Amino acid sequence: MSSAMSAARSDDVSAVVILLDVNPYFWGTKTSTGFTFEQFFQHVLVFINCILLLSHLNQVTVIAMGASACTFLYDSAAIDGTASGRSKRDKQPESRSTTITQKLQEFVKKDEAAETNLAPVENQFSNLSGSLSMALCYIQRILRKPTAPPQPRILCVQGFPDAPQQYIAVMNSIFSAQRCSVPIDACIVGSQHSAFLQQASHITGGIYMKPPQPEGLFQYLMMVFATDLYSRQFLQLPRSAGVDFRASCFCHKRTIDMGFVCSVCLSIFCKHHKACSTCGANFNVKKGGQKRKQPSS
Amino acid sequence: MPRVRVISRNFMEMVAGLPPAKLDLLYKRHWTCQAVLRSLPPLAKLYVMRLLYVEEAVPSKSLQDWALPDAQQKHQVAINRMEKLRVILVERKKEVCYRMNPVMQKQLLQALSISKGPPRDVMPGNVAVRLPTPAELDTYAMKQWESVLLQLVSSASSEAPIVSPNFFVIDMFKLAGLLLSLKPNSAPSITDTGFQFLLMDTNSQLWQLVQVYVSAAEDRGTDSGELIGFLLELGFHTVGEAYSVGALTTPLQKVLEELAALGLVQLQKGMKEQWYIPTKLASNLSASLSESSDMQSSEVLGTQGCIVVETNFRVYAYTASKLQTEILRRFARLEYQLPNLVVGALTKESINTAFSSGISAEQIITYLSKHAHPHVAKRMPVVPETVSDQIRLWESDRNRVELLSAYFYDDFPSTEVYETVLNHARSIGGLLWEDASNRRLVVREELHGDMRLFIRRQSGAAGQRG
């Protein structure tokens with residue numbers, strides 16, 4: 001499959017799914033660098049315009065990841081489809097930025113309402129796993145269309161640090177992205193590196209970058225993340241300095257350097273367990289050893 | 001389809017050929033800027049994006065660092081292209097520097113920040129416009145385009161003309177070299193290029209005509225810069241919306257009528273005003289400007305294929321279209337025609353007639369597979385291998401004999417002289433045939449001078465004949 005994909009990469013048409021971190025816990029507290037959500041949002045809007053300007057076949061989809069939920073903010077393919085419909089004729093078509101901003105406001109309100117029902121610790125993290133799965137589902141739909149699909153990629157603009165409890169879900173998404181050869185690019189606007197996204201871009205062949213000056217986000221987006229998959233073969237792009245490969249354990253979601261791995265299902269644990277909580281395999285060492293010896297004797 | 005690329009690139013070449021003042025004038029409208037941007041090679045597009053917010057001139061060295069060392073060639077192509085189209089301007093101070101064309105830069109920045117609406121005002125909804133449905137518009141465009149092509153085909157068939165001749169279209173075809181009048185005032189006949197033209201896909205055909213149209217524009221009294229600007233802009237119009245004709249300049253209004261003949265726009269007349277509705281053909285025109293749009297070219301008009309090719313060389317075409325039938329007739333022997341079905345066979349004779357009018361085997365096979373019936377199109381390969389191989393074999397049959405002009409040498413005085421001459425001919429790579437027992441050989445024509453000198457030097461007693 002991968003060979004077929006790379007063979008098809010002879011053009012620069014791309015479908016970009018942008019995952020935007022709109023987590024209020026991140027944007028609300030962040031004042032030190034002076035990079036406000038408003039500025040951030042402006043930069044992204046112009047970036048979307050740029051992508052759509054590059055080719056008439058380019059598609060941009062924006063997914064907002066909030067604290068408790070995620071939603072589609074904008075889909076260039078869908079909007080264009082309805083705009084040419086007869087029903088909208090009398091109305092002046094709204095500009096792209098107003099549409100996105102309105103959607104975002106709606107989402108933030110809903111997100112706020114949903115959050116109050118959750119435990120306070122749980123909901124502080126951005127919903128990366130949810131939005132990644134949403135993006136992948138959407139890309140599957142693009143890929144299954146009968147017309148030759150554009151080259152899909154995911155761009156994740158994350159601010160809040162990784163949520164340990166999402167480890168398994170995020171890793172699963174990463175591997176499915178790898179299977180459909182969808183690169184995951186990551187742009188970290190927060191202060192901490194994201195181990196999840198480092199691994200994601202490493203595994204899927206995307207670009208991971210944490211801009212040293214988030215205020216200049218737009219320039220980073222243009223210089224690095226606007227590059228389509230075809231041109232990536234020819235341009236100098238930032239290479240990741242190092243990837244944090246550490247895994248999280250399945251039992252307490254802690255990031256660990258060394259741990260126990262189930263020999264049957266490869267689940268990871270920080271402590272020794274008698275039985276695997278995922279597949280139920282029995283780890284009783286003495287019994288196991290005897291069993292293995294019995295057939296030979 | 002690479003041909004679309006070649007042709008549309010030629011069009012941009014033409015744009016690049018405009019004098020700088022005209023180009024700058026063209027860049028005054030941000031629609032043309034966008035269209036030009038989209039026509040650039042992928043790398044160049046990204047470079048524009050990177051330079052967009054840079055107001056200083058950038059040394060060419062730092063631009064070079066953007067590309068990987070292996071991709072310097074692509075980099076150079078991109079830079080050259082941008083320079084030609086005056087997207088970037090060269091400045092020579094201490095070293096070569098590039099600066100973005102300020103006119104274009106301003107327009108593009110504007111385009112980015114306000115994001116797009118339609119380039120011209122849509123007719124307000126209160127004016128009683130009866131807009132055609134998308135399907136109607138597609139049929140209209142297709143019909144218009146078919147009638148254009150029929151003009152070409154009808155001049156090929158000796159029968160009574162199928163459609164009444166449209167002189168504008170015929171003139172275009174003549175300019176493109178697709179039609180040729182042997183005698184003045186006699187009915188023009190189709191040329192070899194014309195035959196090949198028929199087998200191209202719609203987009204390439206359209207491009208070729210538009211190109212001729214633009215290059216002929218100056219003679220017809222239209223400013224080519226203005227025309228190109230309008231054509232580029234047309235791609236950004238919303239398909240199926242009505243735009244007022246009155247808002248255009250007078251020369252462009254005339255142009256619209258001619259574009260309507262090609263099916264690019266549909267003209268409608270109201271009580272006072274007139275408006276035009278761009279069709280899919282128009283939007284695809286600019287779409288194929290970008291280098292990467294082969295994917296869409298196959299179904300420009302959403303036309304469904306209708307051809308089924310069987311392994312026994314029979315061709316079934318479920319069509320009532322005269323054009324399709326005429327095109328099929330170019331390379332297949334038609335056996336019967338039913339109201340919605342044409343049955344033919346690919347025979348050696350029919351294919352050979354096609355070859356003799358300059359159509360290649362590859363063109364026939366691509367045509368058959370591009371217009372395959374949806375049921376067949378899913379199959380791999382679309383055209384049965386036996387058929388496609390046979391067509392290729394027939395083609396190579398024609399090329400089996402190669403004609404070369406040559407000189408024939410004989411009457412060598414001795415075997416030694418013959419041997420040395422023979423060896424000499426072999427060493428310079430011109431030997432075509434030898435006959436040692438009768439001491440004769442044949443050498444390529446272009447080496448005759450060299451051979452003659454050599455033979456003369458060999459004791460001078462050599463005979464030769466042309």
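The values are calculated or read from the model by the stated rules, or taken from the named source; none is laboratory data. Values in this document were obtained by computation on a predicted structure and should not be read as measured data. No Cβ is skipped: glycine too gets one built from the backbone with ideal geometry, and neighbour counts run over all protein chains shown. Side chains included, ligands, DNA and RNA excluded: accessible areas come from the protein's heavy atoms. Shrake-Rupley method; radii C 1.70, N 1.55, O 1.52, S 1.80 Å.
Things to note:
- Subset of the range A:171-226 [over 20 Å from A:Leu45 (Cβ atoms) and among the hydroxyl-bearing types (Ser, Thr, Tyr)]: A:Ser173, A:Ser176, A:Ser181, A:Ser191, A:Ser194, A:Ser201, A:Thr204, A:Tyr208
- Condition check for B:Lys74: in contact with a Leu (Cβ under 6 Å, 6 or more places away or on another chain), within 13 Å of chain A (Cβ to nearest Cβ) and open to solvent by less than 70 Å² (accessible area, probe 1.4 Å): no
- Looking across B:Lys28, B:Lys84, one residue alone is away from chain A (no Cβ under 14 Å) and modelled with pLDDT under 85. It is B:Lys28.
Results for (1) surrounded by 15 or more Cβ atoms within 10 Å (Cβ to Cβ); (2) basic (Lys, Arg); (3) touching a residue at least 24 places away in the same chain (Cβ under 8 Å), shown as yes or no for each residue.
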{"residue": "B:Tyr316", "(1), (2), (3)": "yes, no, yes"}
{"residue": "B:Phe331", "(1), (2), (3)": "yes, no, yes"}
{"residue": "B:Gln337", "(1), (2), (3)": "no, no, no"}
{"residue": "B:Ile351", "(1), (2), (3)": "yes, no, yes"}
{"residue": "B:Lys378", "(1), (2), (3)": "no, yes, no"}
{"residue": "B:Val387", "(1), (2), (3)": "yes, no, yes"}
{"residue": "B:Asp397", "(1), (2), (3)": "no, no, no"}
{"residue": "B:Leu404", "(1), (2), (3)": "no, no, yes"}
{"residue": "B:Tyr407", "(1), (2), (3)": "yes, no, yes"}
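- Hits in the range B:334-367 (condition: touching a strand residue (DSSP E or B) at 6+ places or on another chain (Cβ under 8 Å) and not polar (S, T, N, Q)): B:Leu334, B:Glu335, B:Tyr336, B:Leu341, B:Val342, B:Val343, B:Gly344, B:Ala345, B:Leu346, B:Glu349
- Condition broken by B:Thr415, with the remaining ones in (1) over 30 Å from B:Phe454 (Cα atoms); (2) loosely packed, with under 12 Cβ neighbours inside 10 Å satisfied: (1)
- Matching residues, the range B:51-67, being facing chain A (nearest Cβ under 9 Å), in contact with a helix residue (DSSP H, G or I) (Cβ under 8 Å, 6 or more places away or on another chain) and open to solvent by 10 Å² or more (accessible area, probe 1.4 Å): B:Tyr53, B:Trp66
- Residue within the range B:52-71 that is within 18 Å of A:Ser231 (Cβ to Cβ), small (Gly, Ala, Ser) and in contact with a Phe, Trp or Tyr (Cβ under 6 Å, 6 or more places away or on another chain) present: yes
- Unique residue being free of Cβ contacts under 8 Å to residues at least 40 places away in the same chain and in a strand (DSSP E or B) when the list is A:Ala241, A:Ala186: A:Ala186
- Screening the candidates B:Asn399, B:Asn312, B:Asn340 for the property of being modelled with pLDDT of 85 or more and farther than 28 Å from B:Lys143 by Cβ yields one hit, B:Asn312.
- Exactly one residue among A:Arg239, A:Arg246 is touching a Ser or Thr at 6+ places or on another chain (Cβ under 8 Å) and open to solvent by 60 Å² or more (accessible area, probe 1.4 Å), and that residue is A:Arg246.
- Any hit, the range B:94-113, residues being at pLDDT below 80, open to solvent by 70 Å² or more (accessible area, probe 1.4 Å) and either in contact with a His (Cβ under 9 Å, 6 or more places away or on another chain) or within 14 Å of chain A (Cβ to nearest Cβ) (or both): yes
- Complete set of residues in the range A:150-183 that are assigned to a loop (DSSP other than H, G, I, E, B) and open to solvent by 10 Å² or more (accessible area, probe 1.4 Å): A:Pro150, A:Phe160, A:Pro161, A:Asp162, A:Cys180, A:Ser181
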